[in-house]
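Reading through the structure tokens given below for one structure.
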Amino acid sequence: MGTDPTLHIRLLGGLSLAHGDQPVTGVSSPRLHSLLAYLLLHRDTPQLRQHLAFVFWPDSSEAQARNNLRQILHELRHALPDADRFLVADTRTAGWRADARFALDVASFEAAVSEAARSRGEEAERAALGRAVELYRGDLLPGCYDGWIEPDRERLRQLHRRALARLASLEEAGRDYPAAVEHLRRLLQDEPTDEEACRALMRAL
């Protein structure tokens, strides 16, 4: 297992996959993107097929939705390299393997934010927040319009905004005004009506 290549997965700013140093291009349809993201974001718990079928095809009959799910799981298995190392499925459930060798940008982003919150000292906090904002390349799967993704997308977006605001505050306190200005401008580019960020930007300038 230790010699197997790692599957590198980006969901922030759009989907990107690489198996070791080889790009994975087969996961190409919006529906495959959405299902892969759902399984990854719920990777701690195998998902009931009945639940997945309803989430992705709420307007279809149960039989049709289950058939659609079978087809798309089959497509995903063929699109992922060594799929059995990442996906697990039986007649009741489907999910992401707990022992899969993969790196997920969402998980790394959340870990960096958590590390910043636990850190003792401003240098450690600044370093962890710096990693977090670098990992956040954009909203979670911006091309996905499925209803299920909105709460996760907004939660991650707000985590990123809080990380940027805190990092700007630390940079300002450390008199690194150009860095503070850069982070505050990024905040305002995302949300131009953020009055607190506007005031902080004027102060830093």
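Specify the residue with the greatest mean-square fluctuation among GLY147, GLY14, GLY138, computed from a Gaussian network of the chain linking alpha-carbon atoms under 10 Å apart.
Residue with maximal mean-square fluctuation among GLY147, GLY14, GLY138: GLY147.
Taking the Cα-to-Cβ direction at ARG120 and at SER108 and moving 7 Å from each Cα, how far apart do the two end points lie in nm?
Roughly 2.8 nm, to one decimal.
Whose amide H sits under 5 Å from the amide H of GLY138, counting only residues 5 or more places off or on another chain, with H placed in the peptide plane?
For GLY138, the qualifying residues are GLY13.
Which percent of the accessible area of the range 71-195 is formed by carbon and sulfur heavy atoms (probe 1.4 angstrom)? Walk me through the intermediate numbers first.
Working: 3340 of 6810 Å².
Reported share for carbon and sulfur atoms: 49 percent.
If the elastic network links every pair of Cα atoms under 10 Å, which of ASP90, ASP82, ASP152 fluctuates the most in the Gaussian network model of the chain?
Most flexible of the set in this elastic network: ASP90.
Per residue, how much accessible surface does the chain expose to a 1.4 Å probe? Answer in Å², no decimals. List each step's numbers first, then the result.
Values: 11280 Å² over 205 residues.
Value for the chain: 55 Å² per residue.
The values are calculated or read from the model by the stated rules, or taken from the named source; none is laboratory data. The structure displayed is predicted, hence computed values, not measured ones. Every residue, glycine among them, receives a Cβ derived from its backbone with ideal geometry; neighbour counts consider all protein chains shown. Side chains included, ligands, DNA and RNA excluded: accessible areas come from the protein's heavy atoms. Shrake-Rupley method; radii C 1.70, N 1.55, O 1.52, S 1.80 Å.
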